[in-house]
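Taken together, the values in this text are just the output of simple stated rules run on the coordinates, not laboratory data. Source: prediction; values computed, not measured. Glycine also receives a Cβ, built like all others from the backbone with ideal geometry; neighbour counts cover every protein chain displayed.
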Amino acid sequence: MLICDEYLTPASLDEAFAAMERHRGRYRVVAGCTDTLPWAREGRAGDVEIPVLIDVTKIPELNERQIGDKRVRLGAATPIQRFLDDAALGRAMPAMPRCAVWFADDQIRAQATLGGNVVNASPAADATPCLEAHDAIVELASAKGSRSMPLREFITGPGKTQLAEDELVTGFECDALAGFGGSFEKVGHRRSLVISVVCLAVMVKLDRDGRTIEDTRLAIAGIRPVPRRLREIEDHLRGKRLTGELLEEAADMPLDLVQSRSRQEYRRDVVRGFLVRGLIAAAKRAGASPDALTQELEAAYG
Amino acid sequence: MARKRGRGMAACWYGIARTATVDRAAAWAEIDDGGSAKIVTGVTEIGEGILTVLAQIAAHEIGVKPEHVVIGDNDTARAPEAAHAGASRQTYMIGNVVALASREARKRLVDVMAGMWDVAAETIRTGNGEIWAENTNHRISMGEAVACAKNRGVVPIGSATFGTDTTAIADGKDGDGSGRPWQAYVFGCQVAEVEVDTVTGEVQVLAVWAAHDVGRAVNPQGVEGQIEGGIVQAIGQGLMEDYQLKDGHASTSGFAKYILPTSLDVPRVNSIIIEDPDPIGPLGVKGIGEPAMVPTIPAVMNAIYDAVGVRVFNLPATPEKILLAMREKARRETMATQAAE
Amino acid sequence: MVDVRLNATINGRKVSRDAKPHLRLLDFLRDDLNLTGNKEGCGAGECGTCSVFVDGVLMKSCLMPVAKAQGAQIDTIESLAKSGELSVLQKAFHKAGASQCGYCIPGMVMAATAALRANPFADREEIKERLGGNICRCTGYQKIFDAVELARDVQNGRVPATALLETDTADGEVIGKNVRRIDAPSKVSGRLKYAGDMTMPGMLHVQVLRSPHAHARIVSIDTSAALAIAGVESVITSADVPGKDGFGVFVHDQPIMARGKVRYVGEAIAAVAAEDALTAKRAVAAIKVVYEQLAPVFDPDEAMLQGAPVVHDYAPDNITKHIPIRVGDVEAGFAESDLVIEESYSTQAIEHAYLEPEAGLAYVDHDDVVTVVSPSQNITHHRHMLARIIDKPISKVRFIMSPVGGGFGGKEDMIYQGMLALLAMKAMRPVRLVYTREESIISTAKRHPSRTTLRMGVMRDGRIKALAMRMVCDGGAYGLSTEGVMRKAAILAAGPYNIPNVRIDTYGIYTNNTPSGAFRSFGALQTQFATESQLDIIAERLGLDPFEIRRINAMRDGATTHTKQTLGSVSLMRALDAAEQASGWEAGAPTVRGGTRGDLGHDDVRPSVTLGTRFAATGTQEAAE
């Protein structure tokens, strides 16, 4: 049970910073609360008494959305459901809607925020690898000013980030990747409301003929303390002709990705299969030429 | 193929009502003013649909509509003993005793009407809220009949008790287990069709065909509901659920960690209801709550084997277990081939 | 504490009132506004019993601090049939038989309403995806999908509204008809009151102190600090039990609160009744217990070894119950067999996971009758046990069975009703206890985990000559239904087959794990899993079709069971034939022929689930697809 004496809903960043200053050492910042409330239960943190909760979801800056040709800016309070409801956003971030359908369920997606998913820094977070694949920059602000840093530097370990005590995550700036095909591969122990054992975000951009990989983005989570971009694989694929052999080659690159303490062998197997499966799906959505990938390959991994 | 399909089947048997002991239940029935019926018995709904089943049975026996049956509270101080809501016994024990109590109440009413109409009681029929004498023009509503009975000083009530002819089994130290644990047995058989994703090891149960003897289906939709629910619970145990303890402490104490089947994890269930009436009870009914669950897991495990050639002996058949077993099998087959060369 | 002044529109009515800042929207709706239609099933957003509309968007109200509802329009299940007339979806749930225990149903109806609002033409697969946040433990979801499809078709005019009405029973025959469930209207509308929805004037709230240790002697319990807290009315421990303490279905080995020692993590030690749940919680935290650790035993096979820690003094070998079944001479049977196969199987502990966590009220009435209202699956037996425990004549003990939000055997044990009765007697005020999901999971019975060794001998033609099975089950810390589970497991272990030589031994063992108890299919699930798996292994070895090997051995009319009972009619052959025909089974030995068999993928098989059916429907993405 989460017990507080006061629940504040600041309407501006300044109000939020003032509240944080006023209640220094006695507050916790919350957003969607979809993880905070389950956290404060038996078997996890148990009953937790926090004098002040500061809810940042009503701050206008945290709800912004700007889609440019090169970059997308999303406020930290963006609910995950927006990736399913907002077609323009889905085009600019083509793996994100695929991720969103796997993210918890329809209802939790309406509450859970992008910023919350990142700040929790769960190794199994679904949205984080997608953001990582977009070279996301985390925007941070405090009463003293603002700063930003790449997502890969922001998350330092399970549940650990570079967020300073007096800071808020205000938003994310991401590459706009319209024209890429996206996929999101995930496995857990069931098909809804499930924690990832492995999850993989894949985006692929092909040439006009749908035969050559112009660009690709891959990032994986669930298998190590923090999500990891797969740049080695991206480099291997970029500029090459799209073939089944190429995808299998990429999947077989010896990267030793799995660092989880449990289910290592299983995760290694799944990662390999997911790489090929995810690349096939993303390539198809990117308009792969029908003869680029054989039916046998699709049957073997699809 | 990344997704391999297969089929498996399994059969089952089950005993109805309490095991190796004398089971019993009692009920009261009253044909009430206006021609409705009031049934009182000490057990209630746990979701299986027993209240509706009892209403149908009382309606059938008395001759009123099911919506005109009221089932009284389940209260040890206000209702006769019906014992527990379990052991697949509700329709069998409570259904049968409600039928008997209803018959007695009906008989009281019929006897009054037979006297009034001067006809043999056997020629009197009831149904759909009416009572009439065959081959005569005597036909009135049940409400009118109750009024007639009451004018003659008769309240048409009935009560009944229903017990089983069962025994303990010889399960003492040197016993052989012999005995008569139940008087009604049911049998069933299920076929499962599965798809195994060989990239992830996930199993999807796509369909189950479930044929179960229920004696007599009072409410077929309710029977299907029990079969469907039982199968999905079994799939939970077969594929995902796992209450884990470490040094006595649960690591799966909430629904985030204790994984249950969702709407996306369930097969299409095709139920086939078989009616082999119980010869002992007045209705021919038996039970379905528990037996529906019994053949599902082996049917699914047999289907997984059919699809990918690995057998899970230790439940649950998680994706990890399946995938690792497949890898192990492939490794063994490779070694065998190499050894043969 | 700074209250939140909440201004919102709830079910069309303006609400303006103060709420405690830590409340969740769910608490505010249920406790402050008495809108108990939506339920609390897990408190962690995992089950959907609490789903409500917030500004038209469905959300889980257990995950929403009440302050987030500021200025919002909230619609609960009560809003759907506000006029008294059920919505089309509610009527469809009624018609399709989509509610069983009903506890998930208010949330499920809300989720279905949201699904059809999002896409009035959603197909079955999309409906499934949109209901993915709502767990149902009773129905297997089929009838829920049926109901949503029916409602969709009625709303779209594809099916007449008369399809929602009662089955015609004009001929007077009601047996064998799909008469709509009489309890459904109250369930689909959220009107039915489960124990946790009930209140009484002057009612106190109960919280329970539980053991953090698996096996420990209780040296002392000091409740003085708890009693000193303002608002605390009563604290009880086993010392307050006036009669002969102990409950259980077969042996009365479990005290209503730990007596002298604790035997599993989560065992109740003391209970507090206070003016509100938070105060009771704080009082529980203030109770001081001194333990002396005892060596625990967690593995049932280890528990059977000499020198293992003893869980109950009365059972020094830790055996709760052993059930033997003996027919013929198994060793001779194996010797005669052409093929003998031995395998080992195991099944895990599982949780009943009824959506309604345990809850109950107790009070002492004007006639001094101690009354307990709870979703008990066995009020008759609970009454007997409680009378002895509180030392009253049976006539002074009354159990009322409240609507049960799922049981599956898990509510057969008198786990908490004794504490409620004692507190009601001590406080002389009504008391109510509502378990959290976590409390329910750690402290109540599980399905018996099992380890089974099964040896079967068969002739080349498929006839089973001998079967020997030994199953060891972890019964956990208390007996509960273990004896009965072992008995049923053993009686049914060999399956419905004629086998001349049978030796079955089932053992229920005490350990310091969470107790195992009654669970739908009661031991028969564990043993028949082994037997039915092994029949397929044998069928493959003999080249027999799985149906065929079962037919060869099937009991027929007049068969004699393994407990030497003569049966009358045996419907097994009918069941085998029916399943084989309905599934269009292609005959053949079970030799991993999934890749080649021709009977897969019929119309009565669902498609494989790949998430994202809505993309095709709504076109949010990928014109390229």
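A few remarks follow.
- Packing rank of C:464-471, C:323-330, C:362-369, where each peptide gets the mean count of other beta carbons within 10 Å, highest leading: C:464-471, C:323-330, C:362-369
- Annotation: lysines with alpha-carbon distance below 26 angstrom to B:LYS107 (same-chain offsets under eight excluded): B:LYS38, B:LYS65, B:LYS150, B:LYS286, C:LYS177.
- Among the listed pairs C:LYS392/C:LYS426; A:LYS58/A:LYS186; C:LYS396/C:LYS446; B:LYS173/C:LYS488; C:LYS68/C:LYS91, those beyond 22 Å (Cα-Cα): A:LYS58/A:LYS186; C:LYS396/C:LYS446; C:LYS68/C:LYS91
- Candidate aspartates and glutamates for bridging to B:LYS4, where Cα separation is under 13 Å - those fewer than 8 sequence places away on the same chain excluded: B:GLU193, B:GLU195, B:ASP197, B:GLU202, B:ASP306
- Relative contact order of segment A:89-246, taken over Cα pairs closer than 8 Å and 6 or more residues apart, is 26 percent.
- As a length-normalised measure over Cα pairs under 8 Å and 6 or more apart, the relative contact order of segment C:1-156 settles at 23 percent.
- With neighbours defined as other Cβ atoms within 10 Å of a residue's Cβ, the residues C:ILE319, B:ILE322, C:ILE491 order from fewest to most as C:ILE319, B:ILE322, C:ILE491.
- Amide H to amide H, with H built 1.01 Å from N, B:VAL70 comes under 5 Å of B:ALA37, B:LYS38, B:ILE39, counting only residues 5 or more places away or on other chains.
- Farthest toward positive dipole pole in chain C [+1 Lys/Arg, -1 Asp/Glu at C-beta], among C:MET200, C:VAL397, C:ASN512: C:MET200
- Cα-centred dipole magnitude for segment A:60-175, charges only on beta-carbon of K, R (+1) and D, E (-1), debye, nearest 20: 140 debye
- Segment C:ARG217-C:ASP338, extension gain: residue separation times 0.36 nm, minus the distance between their alpha carbons: 38.1 nm
- Using the Karplus relation 6.51 cos²θ - 1.76 cosθ + 1.60 with θ = phi - 60°, the per-residue 3J(HN,Hα) values for segment B:322-333 come to 5, 5, 5, 5, 5, 5, 4, 4, 4, 4, 5, 5 Hz, with x marking Gly and Pro.
- Counting only other chain Cβ atoms within 10 Å of each residue's Cβ, the peptide C:209-217 averages 1.
- Dipole axis of segment C:345-464 (+1 Lys, Arg; -1 Asp, Glu on Cβ), positive-most option in C:THR436, C:HIS381, C:TYR345: C:TYR345
- Efficiency of FRET between B:GLU134 and C:ASP557 - r from beta-carbon atoms, R0 41 angstrom, step 0.05: 0.65
- B:ALA120 paired with C:ASP3, simple spin-label distance in nm, labels 7 Å along Cα-to-beta-carbon: 7.7 nm
- Alpha-carbon centroids, segment C:222-286 and segment C:363-422: separation in whole Å: 17 Å
- Comparing Cα centroids, segment C:431-447 and segment B:32-108 end up 31 angstrom apart.
- Full-stretch length increase - C:ARG117, C:GLU173 - with 0.36 nm per residue and alpha-carbon distance subtracted: 16.3 nm
- Assigned charges on the beta-carbon of Lys, Arg, Asp, Glu; chain C dipole about Cα centre (debye): 1140 debye
- Seen from a random direction on average, the alpha-carbon convex hull of the protein assembly as shown projects onto 50.1 square nanometres.
- Per-residue Cβ neighbour rank within 10 angstrom, fewest leading, C:LYS392, A:LYS186: C:LYS392, A:LYS186
- For the pair A:ALA45 and C:SER608, a Förster radius of 45 Å applied to the C-beta separation gives a FRET efficiency near 0.70, rounded to the nearest 0.05.
- Its Cα centre serving as origin, the protein assembly as shown has a Cβ charge dipole (Lys and Arg +1, Asp and Glu -1) of approximately 900 debye.
- Sequence of C:VAL458, C:VAL289 once ranked by neighbouring C-beta atoms within 10 Å, starting from the fewest: C:VAL289, C:VAL458
- Most mobile of B:VAL43, B:VAL155, B:VAL205 in a GNM of chain B (Cα contacts under 10 Å): B:VAL155
- Within segment B:1-107, the trypsin sites (Lys or Arg not before Pro) that combine a DSSP coil assignment with at most 12 other C-beta atoms in a 10 angstrom radius are B:ARG78.
- Relative contact order (percent, whole number), chain B, Cα cutoff 8 Å, 6+ residue spacing: 25 percent
- Cα-based values for segment B:24-160, radius of gyration first and Dmax second, are 15.0, 47 Å.
- Considering only A:GLN107, A:LEU140, A:CYS174, the residue lying farthest towards the positive end of the dipole of segment A:60-175 is A:CYS174, judged by Cα position with unit charges set on Cβ.
- Candidates A:ALA164, A:ALA16, A:ALA104, ranked by Gaussian network fluctuation over chain A, Cα under 10 Å, top entry: A:ALA164
- Distance histogram for segment C:494-625 (every C-alpha pair counted, 5 angstrom bins, percent rounded to whole numbers): 2, 7, 11, 14, 15, 12, 10, 9, 8, 5, 3, 2, 2, 0
- Ellipticity estimate at 222 nm from DSSP helix runs (n ≥ 4, -39,500 (n - 2.57)) divided over the protein assembly as shown, nearest 500: -8000 deg cm²/dmol
- Separation of segment C:512-586 from segment B:12-28 is 21 Å, based on Cα centroids.
- Full-stretch length increase - C:THR566, C:THR596 - with 0.36 nm per residue and alpha-carbon distance subtracted: 6.6 nm
- Residue of A:GLU42, A:GLU167, A:GLU153 that the Gaussian network model of chain A assigns the largest fluctuation, springs spanning Cα pairs under 10 Å: A:GLU42
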